[in-house]
1. Give the residues of the stretch 266-291 whose amide nitrogen is closer than 15 Å to a point set 7 Å from the Cα of Ala299 in the direction of its Cβ.
2. Which length gain, in nm to one decimal place, applies between Asp336 and Ile236 when the Cα-Cα distance is subtracted from 0.36 nm times their residue separation?
3. Report the local net charge at Phe21: Lys and Arg +1, Asp and Glu -1, summed over other residues whose C-beta lies under 13 Å from its C-beta.
4. Please identify every one of the GluC sites (Glu not before Pro) in the stretch 96-144 that sits in a loop by DSSP and has no more than 15 other beta carbons within 10 Å of its own beta carbon.
5. Between beta-carbons, use under 14 Å as the cut-off and find the net charge around Leu143, counting Lys and Arg +1, Asp and Glu -1.
6. Take peptides 283-294, 181-192, 217-228 and line them up by average Cβ neighbours within 10 Å, highest first, as a rough protection proxy.
7. Grab the other residues whose beta carbon is less than 9 angstrom from that of Leu109, score K and R as +1, D and E as -1, and report the net.
8. Can you compute the FRET efficiency between Arg210 and Glu103 using 1/(1 + (r/R0)^6), with r the Cβ-Cβ distance and R0 = 51 Å? Round to the nearest 0.05.
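No value in this document is a laboratory result; all are computed from the given coordinates. On a predicted model such as this, the values are computed, not experimentally measured, just so you know. Note that each Cβ is placed from the backbone with ideal geometry, even for glycine, and that neighbours are counted across all protein chains shown.
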Amino acid sequence: YTILSKVHSDRNVYPSAGVLFVHVLEREYFKGEFPPYPKPGEVSNDPITFNTNLMGYPDRPGWLRYIQRTPYSDGVLYGSPTVENVGKPTVIEITAYNRRTFETARHNLIINIMSAEDFPLPYQAEFFIRNMNVEEMLASEVLGDFLGAVKNVWQPERLNAINITSALDRGGRVPLPINDMKEGVYVMVGADVPFSSCLREVENPQNQLRCSQEMEPVITCDKKFRTQFHIDWCKISLVDNTKQVSTFQEVIRGEGILPDGGEYKPPSDTLKSRDYYSDFLITLAVPSAIALVLFLILAYIMCCRREGVEKRNMQTPDIQLVHHSAIQKSTKELRDMSKNREIAWPLSTLPVFHPVTGEIVPPLHTDSYDNTSMPLMQTQQNLPHQTRIPQQQSAGQY
């Protein structure tokens, strides 16, 4: 029931609903669509990638997936068709890109989904294989070996591969590129007989306890898979569709559940009109009137009750006004003098020349000297560098 086909232009395929469908896009086939242009003595090995989409739409149907690891590997379309699409042709546009010459080639794949009489199989088991990637598991030889191992353990009359899903699509993390680690893959198979005792060993309480402690459970048939497939038995899922699970649940009334209020009765269409005039007066008119009164009182106090400068001067004594005017004039003079601090010093503070020797004599006092009580002009007797001029004697003396 697993359909494996190779790419051909405008090819029709007929997968069954609920059965794994695999379609390989081979690079060797598309190489003939592109001129090789190799150098003499060289073999063309151009990188080719594929783009797949539903005709008229930018993406594929929800049940169909596509994977291609590198431009030098084949692409694979895989998935499990659904019952809703039975009888409706699904046209997939396949576009091949030559990454060396930038040329393209397009083919159509017409998928005609058929209904299966024995679908769905009542007993389904999903295995998680840790040492495989999805494209490795999709290979016909590897998938056939896995189904053979499951058949030896389960012993069914009919066994189908239902779906294959990468662990990355289930929220798994990308493995580190060391020790050839794999991302893991989920494989779901279905059979027509109940699960074997070996598969039921996973539900053993001892094995459930070991799984909760992150330890490997003890499964007797694990050696039949261990040679090629490393199965995580703690993640196996067994579904029995023969047991009808009732979805109806009786409601037990208690805290948090409101009592039944009966039928909903909407309000009548003939509602009485309501007068909003009183609401308008309370919410807008009254506060606005109060604010207006307060504004008028404040304006009267600020504008109409001012005394003015003339009335103030009339009530002030004359002597006080004279003192105030004198203080203002003195302050103005001091401010004017402070603006002219960069003018030349008075001549009385500059150095003078000695009248005999011509030597420059420094000022009479230092900068730190207190000259508040010093007269503006000094007598000649007070000058320390005064030179005495000889006086002319009288004619009768020699």
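1. Backbone N within reach: 289-291.
2. Once the chain is fully extended between Asp336 and Ile236, it gains 25.9 nm.
3. Numbers: positive: Arg60, Arg65; negative: none.
That works out to +2.
4. Glu103, Glu117
5. Local net charge: -3.
6. Result, highest mean Cβ count within 10 Å first: 181-192, 217-228, 283-294.
7. Working: positive: Arg11; negative: Asp10, Glu93.
Once positives and negatives cancel, what remains is -1.
8. 0.35
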